[in-house]
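Shown next, in structure tokens, is the structure this report addresses.
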Amino acid sequence: MKASQFFISTLKEAPADAEVASHRLMTRAGMIKKLGTGIYTFMPMGLRVIQKVERIVREEMNQAGAIELSMPVVQPAELWQETGRFDKMGPELLRIQDRHGRDFIVQPTSEEVVTDIARQELRSYKQLPKNFYQIQTKFRDERRPRFGLMRGREFIMKDAYRFDCDEASAKASYQVMAATYRRIFDRFGLRYRAVAADSGAIGGDLSEEFQVVAATGEDAIVYCPGSDYAANLEKAEAMAPAVARLAPGRPMARTTTPGKSTCADVAQLLDVPLASTVKSLVLATEQLNDAGEVVSCQVWLLLLRGDHDMNEVKVGKVPGLDAGFRFATVPEIEAHFGSKPGYLGPIGLTLPVKLVADREVAAMADWICGANEADFHFTGVNWGRDLPEPELVVDIRNVVQGDASPDGKGLLVIERGIEVGHVFYLGTKYSQVMNATFLAENGKPAPFEMGCYGIGITRLPAAAIEQNHDERGIIWPDAIAPFTLVICPIGMDRSAEVKAAAESLYGNLLAAGVDVLLDDRGERPGAMFADWELIGVPHRITIGDKGLKDGLLEYQHRRDTAATKVTVADAPDFLKVRLAA
Ligand SMILES: Nc1ncnc2c1ncn2[C@@H]1O[C@H](COP(=O)(O)OP(=O)(O)O)[C@@H](O)[C@H]1O
Ligand SMILES: [Mg+2]
């Protein structure tokens with residue numbers, strides 16, 4: 001490609017709403033252009049990156065036996081009503097009507113349509129397994145679209161749906177796809193981790209997220225440096241403390257804590273570690289009758305160590321809370337605790353509540369909690385002496401750095417990640433509700449076993465940039481760079497030698513299959529280098545009059561601090577080595 005025949009449009013200033021490097025740099029490099037909130041045009045330079053991402057994904061998916069198709073972006077509501085998602089999904093699902101007033105949705109994902117295809121087309125176990133995938137536009141009316149392509153409303157996803165005849169083969173398929181994802185992510189040339197993720201109502205452990213490691217990531221990923229344990233924060237288990245609970249060391253005392261309604265304030269006032277305080281979270285569950293009216297309400301008290309955070313996913317799995325919960329209202333709290341929020345605790349309640357103690361809290365001695373009276377806390381509280389031993393002791397907190405790894409092989413480390421892929425064993429969740437069956441080997445109809453496998457095609461370049469940039473711009477891994485190499489001739493319009501050398505090298509590299517761009521725009525060197533450093537092309541060759549006199553060119557990798565001189569004759573071989581590295 002010659003720059004004069006391409007479209008290059010770089011900006012000095014980043015848009016005001018760009019909070020992260022990838023958004024700033026992709027906009028400044030002329031890769032994306034905002035059309036509306038969370039809606040971007042992929043400009044020619046950006047589209048090249050996206051197409052390279054797609055190519056890697058396609059090659060590996062095809063290699064793994066997946067078959068590409070393309071499902072409509074606009075889908076009739078009927079299928080989505082069959083699974084109930086038309087009503088159940090929140091405003092994230094974009095619902096539209098046609099001229100006849102019929103309901104449609106814009107696909108956020110395509111389980112319904114693909115399951116409908118399977119129930120029509122895959123009639124016998126002999127046709128299984130089948131793995132259908134598409135690389136297609138998605139729309140999710142995200143509550144907080146932000147960070148450019150990172151969390152857009154319109155974006156491109158690779159979504160694959162695998163149909164198997166039984167659980168064993170579906171689980172084997174899952175392993176095949178997890179391995180395929182590792183190959184795909186290895187090829188992108190990014191530092192990533194595959195982490196165990198929560199698989200929601202499906203159960204089992206067959207859900208992994210592929211997270212690109214970056215300080216600006218929205219997700220916390222947890223791993224053990226001494227083993228291959230890795231999970232996201234929702235999933236990572238906090239083990240019970242290894243050391244047994246100490247015996248009570250102090251008497252319980254009602255202590256005055258005027259105006260100190262948070263654990264942090266109380267710890268500061270009493271000059272004790274935050275870890276010796278216990279916080280009370282009050283939840284409520286509702287029992288409904290057939291008409292959907294609330295017939296009764298149960299209030300729950302969750303106890304967490306003062307410096308720990310509640311993990312909503314874990315709480316949602318506690319028996320009794322697993323059908324849905326909400327935070328209790330202030331009147332509910334006052335009715336049960338006889339106190340306003342801020343001074344709550346498990347001792348001296350007005351009405352009974354269900355108590356859930358985090359594993360860590362159950363192992364504490366001489367702790368501090370609210371006294372159910374404004375401006376007072378109890379200190380020196382001990383299980384078994386001041387209140388009954390907790391009946392329900394579960395893991396309901398987020399792990400923190402330094403916690404023991406669940407596999408017992410060391411301490412956990414937490415870093416930030418960007419979720420770019422997700423592999424998920426679905427079971428018969430969709431096939432059951434959509435009555436999607438095939439004739440099994442025993443001659444009877446059986447529901448398909450399914451798995452779904454996504455990759456955020458347009459999120460990936462953003463994640464790559466978050467991980468690889470500097471103050472001058474983007475630094476692409478070769479595999480997904482818009483161009484692998486740029487030739488920057490200096491004074492090409494003035495010097496016939498420079499022009500000839502540049503065009504000859506350009507021709508050679510093209511013939512060798514290198515994705516090379518010749519910058520024949522006639523820009524000044526400073527402006528030209530600034531553009532390519534911003535755009536992030538990894539390899540650069542500079543050709544100037546002065547060097548040519550000695551038969552020399554200059555090579556510089558985007559990460560190099562200085563250029564390397566190479567003779568014109570050696571250049572092709574030299575580049576072959578560099579480009580293969
Ligand atoms: N709003 C978005 N913008 C860009 N990419 C997205 C967006 N939402 C999801 N993706 C990408 O699509 C992949 C598959 O989506 P999925 O796992 O269904 O999303 P989520 O984890 O948000 O429920 C995600 O791993 C992510 O890379
Ligand atoms: Mg996901």
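In the set (1) in a helix (DSSP H, G or I); (2) in contact (Cβ under 8 Å) with a residue 40 or more places away in the chain; (3) of a type in the set (A, V, I, L, M), the condition left unmet by LEU47 is number (2). The set of residues in segment 392-401 being touching a residue at least 24 places away in the same chain (Cβ under 8 Å) and of a type outside the set (Asp, Glu) consists of LEU392, VAL393, VAL394, ILE396, ARG397, ASN398, VAL399, VAL400. Can you pull out the residues in segment 116-151 that are more than 12 Å from ligand 1 (Cβ to nearest atom) and either aromatic (Phe, Trp, Tyr) or modelled with pLDDT under 95 (or both)? Residues satisfying the conditions are TYR125, PHE132, TYR133. For ARG187, the criteria (1) outside any loop (DSSP other than H, G, I, E, B); (2) basic (Lys, Arg); (3) within 12 Å of ligand 1 (Cβ to nearest atom) hold in every case but one, which is (3). Per the listing ARG162, ARG182, the residue uniquely surrounded by fewer than 20 Cβ atoms within 10 Å (Cβ to Cβ), more than 15 Å from ligand 2 (Cβ to nearest atom) and touching a residue at least 12 places away in the same chain (Cβ under 8 Å) is ARG182. Hey, any hits in segment 430-448 for a residue that's assigned to a strand (DSSP E or B), over 23 Å from ASP219 (Cα atoms) and β-branched (Val, Ile, Thr)? For segment 430-448, residues assigned to a strand (DSSP E or B), over 23 Å from ASP219 (Cα atoms) and β-branched (Val, Ile, Thr): present. Counting only strands (runs of 3 or more DSSP E) wholly contained in segment 271-373, the ones carrying 3 or more residues that are within 19 Å of LEU392 (Cα to Cα) and not acidic (Asp, Glu) occupy 278-288, 294-305, 354-358. When each of GLY384, GLY417, GLY380, GLY402 is tested for being at pLDDT 95 or above, of a type outside the set (Phe, Trp, Tyr) and within 16 Å of ligand 1 (Cβ to nearest atom), the lone residue that passes is GLY417. Of the candidates ILE457, ILE480, the single residue that is within 16 Å of ligand 1 (Cβ to nearest atom), touching a strand residue (DSSP E or B) at 6+ places or on another chain (Cβ under 8 Å) and β-branched (Val, Ile, Thr) is ILE457.
Being within 16 Å of ligand 2 (Cβ to nearest atom) and modelled with pLDDT of 95 or more holds for only one residue in GLU209, GLU154, and it is GLU209.
Here ALA436, ALA404, ALA446 are screened, and the one residue that is surrounded by fewer than 21 Cβ atoms within 10 Å (Cβ to Cβ), touching a residue at least 40 places away in the same chain (Cβ under 8 Å) and either within 16 Å of ligand 2 (Cβ to nearest atom) or within 30 Å of GLY84 (Cα to Cα) (or both) is ALA446.
Contact annotation: residue pairs with Cβ atoms under 9 Å, 6 or more positions apart or on different chains, pairing a residue in segment 362-376 that is aromatic (Phe, Trp, Tyr) with a partner that is in a loop (DSSP other than H, G, I, E, B), are TRP367/GLY306; TRP367/ASN382; PHE376/THR257; PHE376/PRO258; PHE376/SER339; PHE376/TYR343. Scanning segment 417-428 for residues that are away from ligand 2 (no atom under 16 Å from the Cβ) and closer than 24 Å to GLY456 by Cβ turns up just one, GLY427. Residues in segment 116-142 that are within 16 Å of ligand 2 (Cβ to nearest atom) and surrounded by fewer than 20 Cβ atoms within 10 Å (Cβ to Cβ): GLU142 only. Restricted to segment 386-425, and to residues that are acidic (Asp, Glu) and assigned to a loop (DSSP other than H, G, I, E, B), which residue is farthest from the chain's Cα centre (by Cα)? Taking the candidates together, the pick is ASP386. Taking first residues from segment 410-423 that are more than 12 Å from PHE210 (Cα to Cα) and surrounded by fewer than 16 Cβ atoms within 10 Å (Cβ to Cβ) and partners that are at pLDDT 95 or above and among the charged types (D, E, K, R), the Cβ contacts under 8 Å between residues at least 6 apart in sequence or on separate chains come to LEU411/ASP403.
Taking the conditions (1) in a strand (DSSP E or B); (2) touching a residue at least 60 places away in the same chain (Cβ under 8 Å); (3) not aliphatic (A, V, I, L, M) in turn, PRO251 satisfies each one other than (1). Filtered by the rule that a residue be within 16 Å of ligand 2 (Cβ to nearest atom) and either among the aliphatic types (A, V, I, L, M) or touching a Lys or Arg at 6+ places or on another chain (Cβ under 6 Å) (or both), segment 451-471 gives GLY451, ILE455, ILE457, LEU460, ALA462, ALA463.
Summed over segment 169-179, residues that are more than 16 Å from ligand 2 (Cβ to nearest atom), out of contact with any Asp or Glu (no Cβ under 9 Å at 6 or more places or on another chain) and hydrophobic (A, V, I, L, M, F, W, C) total 2. Residue count for segment 542-562, restricted to those that are under 28 Å from TRP476 (Cα atoms), among the aliphatic types (A, V, I, L, M) and not in a strand (DSSP E or B): 1.
The values are calculated or read from the model by the stated rules, or taken from the named source; none is laboratory data. Computed from a prediction, not measured in an experiment: that's the story for all the values here. Neighbour counts are summed over all protein chains in view; Cβ atoms, including those assigned to glycine, are modelled from backbone coordinates with ideal geometry.
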